[in-house]
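Enquirer: This is the structure I have questions about; it appears just below.
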Amino acid sequence: MARVAVDVVIKSEILDPQGKAITAALARTGHPGVTSVRQGKHFDLEVDGTVSDADLEEIAGTLLANPVIETWTVTRLDPAPSAVAAGSAEAEPEAAL
């Protein structure tokens, strides 16, 4: 099984009221150096070798994120099973798609 992380955040042109509230709370609690926060979602997926990068992009863009107001990043945390099985050199541990 391979591990995949999907991070979803609101687009920069969309108001993020929760991020604004967190920024204000940080300032009130003695952390005025944090000037901006964008709140988002993080998903950890375990996938088998049949799930392609294109499949992961489709999953992220249709089920995990709202493409109208959110952007997403898909990152394979483990090397692809085929790369390990083929005996290739060790892949980068966190390569964004």
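Just so it is clear, none of the values below were taken in a lab; they were calculated from the coordinates. All of these numbers come straight from a predicted model, not from anything done at the bench. Positions of Cβ are generated from backbone atoms using ideal geometry, with glycine treated the same way; all protein chains shown enter the neighbour counts.
Enquirer: Could you give the length gained on full extension between Val51 and Arg28, defined as 0.36 nm per residue of separation minus the Cα-Cα distance, in nm? Can you show the working numbers first?
Expert: On the way: separation 23, 0.36 × 23 = 8.28 nm, distance 4.52 nm.
Between Val51 and Arg28, full extension yields an extra 3.8 nm.
Enquirer: Continuing with this model, one more query. By the scheme Lys and Arg +1, Asp and Glu -1, what is the net charge of all other residues having a beta-carbon under 12 Å from that of Val37?
Expert: Net charge around Val37: +1.
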